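One structure below.
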Amino acid sequence: MQNEPPLKCRVKPPGPNGFCNPFSTRVSRLFNLELASLLDARDELTRLHSDAVGDLLGAMLETLGASQDEVEKGILGGRLHDIGKLALRVDLLEKRGVLSAAERTGLQLHPPIGARIVRAVTDDDDLVGIALHHHERFDGLGYPAGLKRQGIPLLARMAAVADTFHALTED
């Protein structure tokens with residue numbers, strides 16, 4: 001196997017992760033919506049929150065005059081932003097009150113896990129960036145990378161605003 005030539009991508013050039021994505025953009029988006037539904041099936045509150053974040057992000061983009069494709073990407077990104085929570089214990093996700101340091105560290109693993117899940121099915125850096133960086137803060141005190149200001153991808157910044165707004169205003 002070591003001497004075999006690398007596979008050529010006949011559908012489109014490989015993405016930044018080196019993988020050939022055999023899916024059209026439309027099929028990839030449908031697949032990602034199904035991926036988001038995995039989290040939905042596990043936890044109703046997370047589904048409602050993810051839908052709301054997607055709707056808010058899409059509305060923000062629409063208000064800014066983004067194209068229909070960009071708006072749809074924002075909606076999908078919002079739905080996928082917490083996909084890494086699939087790897088976390090349900091009792092941790094459902095805990096009310098103050099988290100211990102270990103619990104907080106565990107919860108903070110969901111963005112990089114989510115980014116790996118999203119990267120496995122798409123080379124769309126915007127969607128990966130939303131999953132990875134939606135807990136970064138403008139002052140650099142967020143996680144996982146401590147990015148600040150324009151170092152945070154724009155859609156991830158917008159997703160953070162939508163995420164926070166919904167968390168503060170939901171019943």
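The values are calculated or read from the model by the stated rules, or taken from the named source; none is laboratory data. None of these values were measured; they are calculated from a predicted model. Virtual Cβ from ideal backbone geometry, glycine too; neighbours counted across all protein chains shown. Ligands, DNA and RNA are excluded from the accessible area calculation, which covers all protein heavy atoms including side chains. Shrake-Rupley method; radii C 1.70, N 1.55, O 1.52, S 1.80 Å.
Dimensions of the range 44-171 along the principal axes, based on C-alpha atoms and rounded to the nearest Å, stand at 42, 31, 30, largest first.
The peptide list 57-65, 78-86, 107-115, put in order of mean Cβ contacts within 10 Å with the highest first, becomes 78-86, 107-115, 57-65. Reducing the range 45-112 and the range 124-171 to their Cα centroids gives an inter-centroid distance of 10 Å.
Keeping every protein chain present and rolling a 1.4 Å probe, give me the accessible area per residue for the range 63-120 in Å². Mind dumping the intermediate values first?
Numbers: 3140 Å² over 58 residues.
Heavy-atom accessible area per residue stands at 54 Å².
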